[in-house]
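The values are calculated or read from the model by the stated rules, or taken from the named source; none is laboratory data. In this text the structure is predicted, and so the values were computed from the model without any measurement. We place every Cβ from the backbone using ideal geometry, glycine too, and count neighbours over all the protein chains shown. The protein model used for the area step is the full one, side chains on, heavy atoms only, and it has no ligands, DNA or RNA in it. Shrake-Rupley method; radii C 1.70, N 1.55, O 1.52, S 1.80 Å.
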2 protein chains.
Amino acid sequence: MRIVVLAGGIGGARFLRGLKRAAPDADITVIGNTGDDIHLFGLKVCPDLDTVMYTLGGGIDEERGWGRADETFHVKGELAAYGVGPEWFGLGDRDFATHIVRTQMLGAGYPLSAVTEALCARWKPGVRLLPMSDDRVETHVAIELDGERRAVHFQEYWVKLRASVDAQAVVPVGAERAAPAPGVLEAIGEADVVLFPPSNPVVSIGTILAVPGIREAIADAGVPVVGLSPIVGNAPVRGMADKVLAAVGVESTASAVARHYGSGLLDGWLVDTTDADTVGEVETAGIRCRAVPLMMTDVEAAAAMAREALALAEEVRA
Amino acid sequence: MRIVVLAGGIGGARFLRGLKRAAPDADITVIGNTGDDIHLFGLKVCPDLDTVMYTLGGGIDEERGWGRADETFHVKGELAAYGVGPEWFGLGDRDFATHIVRTQMLGAGYPLSAVTEALCARWKPGVRLLPMSDDRVETHVAIELDGERRAVHFQEYWVKLRASVDAQAVVPVGAERAAPAPGVLEAIGEADVVLFPPSNPVVSIGTILAVPGIREAIADAGVPVVGLSPIVGNAPVRGMADKVLAAVGVESTASAVARHYGSGLLDGWLVDTTDADTVGEVETAGIRCRAVPLMMTDVEAAAAMAREALALAEEVRA
């Protein structure tokens, strides 16, 4: 079975770990969000790609959910001693090596997709990890800070400000001119099923869908497209997705997110048992829906969610 | 008193620490060798400038003589795990931060002299540290390896091969087109004395002198120029200077090095007490010479050497 998964960071990575357990023989292609990539200290940092790579490759810090296990922060401390920031972005020493290799390869002319493949040669994530695009896309967030309207990089909004102010708009800058990375459209075209993990529907999966051609390819693939709600009990399971959902006029409910994707794209939707009362609302919108436990407390819980998603896909197909 | 010092790495740095103690009120400008600079992992590394900066700024690893104290090597280990080398060059995590800041500033368009000034704003070395040139100069060494003639970067010869094969030629590639960095010729022109520490006469001081204009400015300055022998008892005090001296046809003796600089450049020369018998030979070549202890066992020993060098300079002047 060929499965294509659109993934953001932590939620996508943990779901993928469950999916690998649930479908050990599947051929899994991951289309990773690069809209939260950022240049720091002259280095290209790809937080979502790295979170997927480290999580599936066994290098992730389990506690934090991002960055490397057994990490130290000497480089960062020294950069701060030089007065060079930002200090609010946590790059560890082991993590720095990844960004140094990536930046060196990009500087030598390799596209991000080739660089990602080279990095994965070490981590062996057990999936094919593709960036959504080799072109630069940067998610910016329009906010009002100290009475002034500003657009800040997504990482500044998310990590520095911790989404403490309202997002007035979320713009994937450059997306409209970006092309899907080599292999992305082909993988979608050959997929037996497409899954949306419980990743952020705006700044993760939404950004991937904003790359011209990807949404259309998924809608036209003619295979089941099944998503899992990142909203449980009217609040994000992790992070501050409610803030960016509000910016695009979507309520923070499992049902509203499904309707935001829409029946033109989504065939099936899993909500948490807590939200069982919304199943009817989602189905009325033309999307098949089931209520199952959606808390990824461990790998087995994530695997169970993946099994439910694949079962719903088969139900859609039949 | 205004003192100009031409410096390589460890020997130059330790001498400078002594000079600061010997002449605490002097205005010291250091012209640093950049011929052993190297690009590693896409980063610009300036070993000699950093050794001077760290040594005088209190950040050096005293045991090794290079790199940072209290150092860890996680970035390097991770780069190796990615299969990215070279592994033979020891860049520590704290040290990496310096190269990241430098590379970022160079990428933003600042010349190396401005970058060095910015880095020194943190380290406060107590001297004005200037690179010999803002232009790229790279010392290459011609060798015969496995029956084949090759030219390798100085660092490959020195650090990887540990000078285990003969150097057939030493070429400061790019030197002939390099210009002295801003402030270099001015500092020489305003100096009361110019000192050559016991640095490598070929690949450290020789490279600085190979930048068009610097040798001439020193020769024409009309002030005492005094050097200290890096050769004691017919062997280098540190490193493998004999190998590169042989490449330029100079014997590894204190007297031969003085004559290699020549009386047109050098007014005074200090040899170690072990080499007291060569004093006459040096003086016959028109260079005033004294035999004094030249082993920099600690800061006070280096300070005593600096006092002897300054005393010899006054003797020359008088």
Which of (1) open to solvent by 10 Å² or more (accessible area, probe 1.4 Å); (2) under 18 Å from A:GLY35 (Cβ atoms); (3) touching a residue at least 60 places away in the same chain (Cβ under 8 Å) is the odd one out, the single condition A:THR207 does not satisfy?
(1)
Taking segment A:127-150 and keeping residues assigned to a strand (DSSP E or B) and within 19 Å of A:GLY35 (Cβ to Cβ) leaves A:LEU129, A:LEU130, A:PRO131, A:SER133, A:GLU138, A:THR139, A:HIS140, A:VAL141, A:ALA142, A:ILE143, A:ARG150
Among (1) more than 27 Å from A:ALA187 (Cβ to Cβ); (2) modelled with pLDDT of 95 or more, the one test that A:ALA247 misses:
(2)
Which members of segment B:71-91 meet the condition of being at the interface with another protein chain (Cβ under 7 Å from one of its Cβ atoms) and over 20 Å from A:LEU119 (Cα atoms)?
B:THR72
Is there a residue in segment B:49-58 that is open to solvent by 10 Å² or more (accessible area, probe 1.4 Å), of a type in the set (D, E, K, R) and within 14 Å of another protein chain (Cβ to nearest Cβ)?
no
Limited to segment B:1-51, what total is found for residues that are assigned to a strand (DSSP E or B), farther than 20 Å from B:PRO230 by Cα and touching a Phe, Trp or Tyr at 6+ places or on another chain (Cβ under 9 Å)?
4
Filtering segment B:244-292 down to residues that are within 15 Å of B:PRO230 (Cβ to Cβ) and charged (D, E, K, R) yields B:GLU251, B:ARG259, B:ASP272, B:ASP275
Given (1) closer than 30 Å to A:ALA23 by Cα; (2) in contact with a helix residue (DSSP H, G or I) (Cβ under 6 Å, 6 or more places away or on another chain); (3) not in a strand (DSSP E or B), where does A:THR207 come up short, assuming only one miss?
(2)
Looking at B:GLU87, B:GLU71, which is the one that is of a type outside the set (A, V, I, L, M, F, W, C), surrounded by fewer than 23 Cβ atoms within 10 Å (Cβ to Cβ), on the phi < 0 side of the Ramachandran plot and in contact (Cβ under 8 Å) with a residue 12 or more places away in the chain?
B:GLU71
Among the residues of segment B:30-47, is any open to solvent by less than 30 Å² (accessible area, probe 1.4 Å), away from every other protein chain (no Cβ under 14 Å), among the acidic types (Asp, Glu) and within 25 Å of B:ASP298 (Cα to Cα)?
no
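Quick grid of which residues meet (1) β-branched (Val, Ile, Thr); (2) crowded, with 17+ Cβ neighbours inside 10 Å; (3) in contact with a Gly (Cβ under 8 Å, 6 or more places away or on another chain); (4) within 21 Å of B:ARG238 (Cα to Cα):
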{"residue": "B:ILE287", "(1), (2), (3), (4)": "yes, yes, yes, no"}
{"residue": "B:ALA291", "(1), (2), (3), (4)": "no, yes, no, yes"}
{"residue": "B:LEU294", "(1), (2), (3), (4)": "no, yes, no, yes"}
{"residue": "B:GLU300", "(1), (2), (3), (4)": "no, no, yes, yes"}
{"residue": "B:ALA306", "(1), (2), (3), (4)": "no, yes, yes, yes"}
{"residue": "B:ALA309", "(1), (2), (3), (4)": "no, yes, yes, yes"}
For A:ALA235, state whether it is at pLDDT below 95 and in contact with a strand residue (DSSP E or B) (Cβ under 6 Å, 6 or more places away or on another chain).
no
For segment B:238-250, indicate whether the set of residues that are within 22 Å of B:GLU315 (Cβ to Cβ) and either crowded, with 20+ Cβ neighbours inside 10 Å or touching a residue at least 60 places away in the same chain (Cβ under 8 Å) (or both) is non-empty.
no
Spot the failing condition for A:GLY233; the list is (1) open to solvent by 30 Å² or more (accessible area, probe 1.4 Å); (2) under 19 Å from the mean Cα position of the chain (by Cα); (3) not basic (Lys, Arg), and only one is missed.
(2)
State all residues of segment A:263-303 that are without any contact (Cβ under 8 Å) to a residue 12 or more places away in the chain and of a type in the set (Gly, Ala, Ser); if no residue qualifies, say none.
A:GLY280
Can you pull out every residue in segment A:252-277 that is open to solvent by less than 30 Å² (accessible area, probe 1.4 Å) and part of a loop (DSSP other than H, G, I, E, B)?
A:SER252, A:THR253, A:GLY262, A:LEU265, A:LEU266, A:ASP272
Just the residues that are more than 8 Å from chain A (Cβ to nearest Cβ), crowded, with 22+ Cβ neighbours inside 10 Å and among the hydrophobic types (A, V, I, L, M, F, W, C), please, taken from segment B:92-126.
B:LEU112, B:VAL115
Which count do you get for residues in segment A:131-154 that are open to solvent by less than 20 Å² (accessible area, probe 1.4 Å) and over 12 Å from A:VAL170 (Cβ atoms)?
4
Residues in segment A:278-308 that are part of a helix (DSSP H, G or I) and among the β-branched types (Val, Ile, Thr) total 5
Can you confirm whether segment A:127-142 contains a residue that is within 14 Å of another protein chain (Cβ to nearest Cβ) and modelled with pLDDT of 95 or more?
no
Are any residues in segment B:159-184 polar (S, T, N, Q) and either in contact with a His (Cβ under 9 Å, 6 or more places away or on another chain) or within 26 Å of B:GLY67 (Cα to Cα) (or both), and if so, which ones?
B:SER164
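In the list B:THR139, B:THR34, B:THR103, which residue meets the criterion of being more than 20 Å from the chain's Cα centre (by Cα) and touching a residue at least 60 places away in the same chain (Cβ under 8 Å)?
B:THR103
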